[in-house]
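In what follows, a single structure is set out as structure tokens and then discussed.
The values are calculated or read from the model by the stated rules, or taken from the named source; none is laboratory data. Predicted, not measured: the structure shown is a model, and the values here were computed from it. Please note: Cβ atoms are built from the backbone with ideal geometry, for glycine as well, and neighbour counts cover all protein chains shown. To get the accessible areas, we keep the full protein, side chains included, count just its heavy atoms, and leave off ligands, DNA and RNA. Shrake-Rupley method; radii C 1.70, N 1.55, O 1.52, S 1.80 Å.
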Amino acid sequence: MDTDLVIVGSGLFGLTMARRAAEDAGARVLIIEKRSHIGGNAYSHTDPETGIEVHTYGAHLFHTSNERVWEFVNRFTSFTNYVHRVYTTVDGVVYPMPVNLGTINQFFSAAYSPDEARALIASQAAEIDEGRADENFRTKGISLVGEPLFRAFFEGYTAKQWQTDPEDLPASIVSRLPVRYTYDNRYFSDTWEGLPTDGYAAWLERMADHPNITIMCDTDFFDESQPYHRDALVGKVPLVYTGPLDRYFDYSRGELGWRTIDFETEVKPVGDFQGTSVMNYGDRDVAYTRIHEFRHFHPERDYPRDKTVIAREYSRFAGRDDEPYYPVNTDADREKLLAYRELAKDEPKVLFGGRLGTYKYLDMHMAIASALSRYDAIVGPYLRGEDGAQ
Ligand code: FDA
């Protein structure tokens with residue numbers, strides 16, 4: 001085989017690893033991708049009716065404070081000056097998110113100063129006895145932000161996200177709830193933030209565009225009818241695997257829990273549906289958790305003025321055939337994860353990476369940073385044949 005490195009999965013982890021291996025070690029890299037396009041979940045497509053860029057697997061906002069990551073991604077795309085802000089509709093009223101002084105004053109119809117608001121929330125939070133705080137997610141949440149704010153902004157949304165009543169969720173899944181005592185409603189606080197100027201697909205394609213990188217789409221690593229499947233490759237060529245960890249081991253230690261999202265995408269015959277890119281819905285009787293309106297990600301673009309694309313999001317637990325989006329991470333999941341990590345240690349010349357391969361939620365900048373550092377520490381020295389590398 002005239003390939004020095006095989007990478008399973010063309011998401012940001014796989015593409016970053018491929019690019020470094022091709023450029024730094026001059027390696028010939030083959031990427032196997034089971035979808036019909038590259039880029040993993042960061043991929044976006046153009047809606048054929050409106051020309052509006054739609055984030056195919058849910059809204060993706062790029063942000064980072066990691067200078068190396070920022071420099072790396074800027075080789076392949078420039079970024080717009082988009083700044084992400086989120087609003088939420090609760091009981092027929094729209095509030096700014098994350099919960100901040102503006103939200104608090106609007107909610108209580110008040111004009112509290114930061115210290116007054118802090119004292120109010122602390123007194124409401126103190127209504128839960130210390131001993132009860134760890135009983136469940138609800139008691140913990142109330143002990144952090146008080147009952148009124150918890151009920152309005154966290155309880156319904158959490159119940160919908162987890163399809164579980166917060167009283168039945170463990171307290172351990174929450175350590176803090178975001179509340180700001182300023183009017184700052186900027187969603188991210190990283191040094192750099194923006195959206196790829198020509199869209200995600202163009203960015204991701206430029207990353208893959210290198211003479212040493214070959215990509216095979218529509219190719220499943222576990223499909224034994226194609227030549228680049230697991231049993232044909234493992235141990236014979238260095239491999240980076242970014243698919244689901246439990247799938248690699250045929251679920252032999254059990255299935256790792258994931259949540260997935262169903263998207264209901266619709267073209268609306270109006271120029272502007274909701275006036276902003278993301279609107280959360282906190283009420284339990286609204287089945288979706290939020291609505292995205294994609295035109296607002298690119299106000300600088302010349303999109304049609306009489307049509308817009310929206311997507312409603314519905315969150316649920318993932319089955320084996322669903323797209324795995326967010327790790328559930330129960331105690332049982334963590335036990336299985338440790339068992340899979342033990343198995344992974346014995347796989348010859350295989351590195352498990354990315355969010356699916358490590359069973360960790362990673363933002364895009366984290367997936368890129370992880371690929372850069374694991375290339376430096378493991379894959380690079382191996383490909384360059386340095387002593388001690390394995
Ligand atoms: P990713 O999942 O992107 O790529 C893995 C690839 O492996 C996929 O292309 C898959 O098809 C392929 N694959 C799997 N099994 C295979 C097999 N058997 N054979 C061949 N190929 C296989 N981040 C952020 O910074 N800002 C944001 O706003 C968001 N928003 C967001 C929303 C939603 C709904 C999700 C789920 C995630 C985000 N993210 C995000 C996170 C972002 O998507 C994440 O950081 C990257 O997807 C990580 O890239 P990976 O390469 O690790 O995985």
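When you look at Ile32, is it within 7 Å of the ligand (Cβ to nearest atom) and of a type in the set (A, V, I, L, M), yes or no? Before the answer, list the steps.
Working: within 7 Å of the ligand (Cβ to nearest atom): yes; of a type in the set (A, V, I, L, M): yes.
Answer is yes for this residue.
If you take the residues of segment 351-376 that are out of contact with any Asp or Glu (no Cβ under 9 Å at 6 or more places or on another chain) and assigned to a loop (DSSP other than H, G, I, E, B), which of them is least open to solvent (accessible area, probe 1.4 Å)? Checked segment 351-376; the qualifying residue least open to solvent (accessible area, probe 1.4 Å) is Gly353. Pairs are defined by a Cβ separation below 7 Å, a sequence spacing of at least 6 or placement on different chains, a first member in segment 162-178 that is under 14 Å from Ser143 (Cα atoms), and a second member that is open to solvent by 60 Å² or more (accessible area, probe 1.4 Å) and acidic (Asp, Glu); the pairs so defined are Ala171/Asp134; Ala171/Glu135. Look at (1) open to solvent by 30 Å² or more (accessible area, probe 1.4 Å); (2) touching a helix residue (DSSP H, G or I) at 6+ places or on another chain (Cβ under 6 Å) and you find that Val234 fails only one, number (2). Report yes if Thr242 is of a type in the set (Val, Ile, Thr), crowded, with 20+ Cβ neighbours inside 10 Å, within 15 Å of the ligand (Cβ to nearest atom) and under 17 Å from the mean Cα position of the chain (by Cα), otherwise no. Criteria met by Thr242. Against the test of being in contact with a His (Cβ under 9 Å, 6 or more places away or on another chain) and β-branched (Val, Ile, Thr), the options Val240, Val234, Val270, Val278 yield a single qualifying residue, Val278. Could you tell me whether any residue of segment 205-218 is more than 13 Å from the ligand (Cβ to nearest atom) and under 30 Å from Ala111 (Cα atoms)? Scanning segment 205-218 turns up no residue that is more than 13 Å from the ligand (Cβ to nearest atom) and under 30 Å from Ala111 (Cα atoms).
Can you tell which of Gly353, Gly380 is within 16 Å of the ligand (Cβ to nearest atom) and on the phi < 0 side of the Ramachandran plot?
Gly353
In this structure, Pro166 does satisfy being modelled with pLDDT under 90 and either over 30 Å from Glu293 (Cβ atoms) or not aromatic (Phe, Trp, Tyr) (or both). I'm checking my understanding of the structure. Among residues of segment 55-78 that are in contact with a strand residue (DSSP E or B) (Cβ under 6 Å, 6 or more places away or on another chain) and β-branched (Val, Ile, Thr), which one is nearest to Tyr303 (Cα to Cα)? The qualifying residue nearest to Tyr303 (Cα to Cα) is Thr56.
For every residue, the table says whether it meets (1) over 30 Å from Thr103 (Cα atoms); (2) more than 13 Å from the ligand (Cβ to nearest atom); (3) in the same structural domain as Leu61 (by TED's automatic domain parsing).
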site: Ser252; (1), (2), (3): yes, yes, yes
site: Gly271; (1), (2), (3): no, yes, no
site: Gly275; (1), (2), (3): no, yes, no
site: Val286; (1), (2), (3): no, yes, no
site: Glu293; (1), (2), (3): no, yes, no
site: Ala311; (1), (2), (3): no, no, no
site: Gly319; (1), (2), (3): yes, yes, no
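Listed by first and then second residue, the pairs linking a residue in segment 52-75 that is at pLDDT 95 or above to a residue that is assigned to a loop (DSSP other than H, G, I, E, B) and away from the ligand (no atom under 13 Å from the Cβ), with Cβ atoms under 7 Å apart and 6 or more places separating them unless they lie on different chains, are Ile52/Tyr303; Glu53/Gly199; Glu53/His298; Val54/Asp47; Ser65/Thr191. More than 16 Å from the ligand (Cβ to nearest atom), surrounded by fewer than 16 Cβ atoms within 10 Å (Cβ to Cβ) and either assigned to a loop (DSSP other than H, G, I, E, B) or without any contact (Cβ under 8 Å) to a residue 40 or more places away in the chain (or both): is that true of Pro348 in this structure? Judged against the criteria, Pro348 is a match.
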